[in-house]
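Asker: Next up is a structure, given as structure tokens.
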């Protein structure tokens, strides 16, 4: 990043922070070269803060989608080292962001939870960093619809993402492509892994679900930290949905920025879920505290599973190659707790 570009972003970030109250870290001071402020100022800064050039957001150093095989490989290595899941490019999920619509807005933004919203759809790396996002779809639109129309899915399916090559796991001849992990709302495909149904599952399938859940938790925690640290998510945003999209994007950039340069003040060691002891027992992150009533907006996006039948069949072949690996060569010592 050039010095001039850095100075521009320092100004953008400073003005943005003046508007986006970062709640628990409102006294944060990040010195020169990044951002420096002493306190959150009043609404007089609203006008200057909202109109942030979208082009700068897309081009920002702290929100850059990987675009080389080396960058994607680094993410895969981190998922394998931290969360013991091979070939993973990221964890995918979508969340509703509350908005205030006019009385004549109709049902376009009205979601199944009973309020108006736009959808924030994102992919997160192994370190809770947002690496891809789509924001602005009306609340009535489901996960599957957004994903099926996503440029990321198209690039991934057409092998235009510059992702690492497929690999075979020990004991299997099925190549495992670079993939994304998600929950059961999505359609299974060779590039997107989802859990097995719990009913009548084998132990290998339950181990697969456990390992996928560990990898997928990064996106839950990234959303949880984001929604709990930025107070704009406390209530419905009373601006036009397009303006909401820009505001949400600003918080994503700030989230990545603050995690990179001052994470102890921004999130802290207990912000995300952690694992303790030999059996890696789950300790819920601070954002899951029930007292955080404003997190009622942190709800999954509904939507029917939509997928190509051939893709789903091939996806089953890829998914079926992983349980044996998790039981044998890819086993971790503490997984014996899984019945």
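Residues checked against (1) out of contact with any strand residue (DSSP E or B) (no Cβ under 8 Å at 6 or more places or on another chain); (2) in contact (Cβ under 8 Å) with a residue 60 or more places away in the chain:
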| residue | (1), (2) |
| --- | --- |
| 136 | no, yes |
| 150 | no, no |
| 158 | yes, no |
| 163 | no, yes |
| 177 | yes, yes |
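Asker: Checking residue 219 against (1) touching a strand residue (DSSP E or B) at 6+ places or on another chain (Cβ under 7 Å); (2) modelled with pLDDT under 80, which single condition isn't satisfied?
Answerer: Status for residue 219: all satisfied but (2).
Asker: Among the listed residues 288, 328, 319, identify the single one that is at pLDDT 75 or above and in contact with a strand residue (DSSP E or B) (Cβ under 9 Å, 6 or more places away or on another chain).
Answerer: 319
Asker: Given 239, 283, which one is surrounded by fewer than 17 Cβ atoms within 10 Å (Cβ to Cβ) and farther than 27 Å from residue 97 by Cβ?
Answerer: So the residue among 239, 283 that is surrounded by fewer than 17 Cβ atoms within 10 Å (Cβ to Cβ) and farther than 27 Å from residue 97 by Cβ is 283.
Asker: Right, another one. Has region 108-123 got at least one residue that is out of contact with any strand residue (DSSP E or B) (no Cβ under 8 Å at 6 or more places or on another chain) and on the phi < 0 side of the Ramachandran plot?
Answerer: Checked against the condition, which is being out of contact with any strand residue (DSSP E or B) (no Cβ under 8 Å at 6 or more places or on another chain) and on the phi < 0 side of the Ramachandran plot, region 108-123 yields at least one hit.
Asker: Additional query: Filter region 65-89 for residues that are touching a helix residue (DSSP H, G or I) at 6+ places or on another chain (Cβ under 9 Å) and not in a helix (DSSP H, G or I) and give the result.
Answerer: 65, 66, 84, 85, 86, 87, 88, 89
Asker: For residues that are in contact with a helix residue (DSSP H, G or I) (Cβ under 7 Å, 6 or more places away or on another chain) and under 12 Å from residue 229 (Cβ atoms), scanning just region 258-271, find the one that is modelled with the lowest pLDDT.
Answerer: Only one residue tops the list, namely 265.
Asker: Turning to a different aspect of this structure: Is it the case that some residue within region 51-64 is modelled with pLDDT of 90 or more and either surrounded by fewer than 19 Cβ atoms within 10 Å (Cβ to Cβ) or touching a helix residue (DSSP H, G or I) at 6+ places or on another chain (Cβ under 8 Å) (or both)?
Answerer: Within region 51-64, none of the residues are modelled with pLDDT of 90 or more and either surrounded by fewer than 19 Cβ atoms within 10 Å (Cβ to Cβ) or touching a helix residue (DSSP H, G or I) at 6+ places or on another chain (Cβ under 8 Å) (or both).
Asker: Among the residues in region 230-248, are any in contact (Cβ under 8 Å) with a residue 12 or more places away in the chain and closer than 20 Å to residue 126 by Cα?
Answerer: The answer is no, given that none of the residues of region 230-248 is in contact (Cβ under 8 Å) with a residue 12 or more places away in the chain and closer than 20 Å to residue 126 by Cα.
The values are calculated or read from the model by the stated rules, or taken from the named source; none is laboratory data. Since we're looking at a predicted model, the values are computed, not measured. Here Cβ is always computed from backbone atoms with ideal geometry, including for glycine, and neighbour counts include all displayed protein chains.
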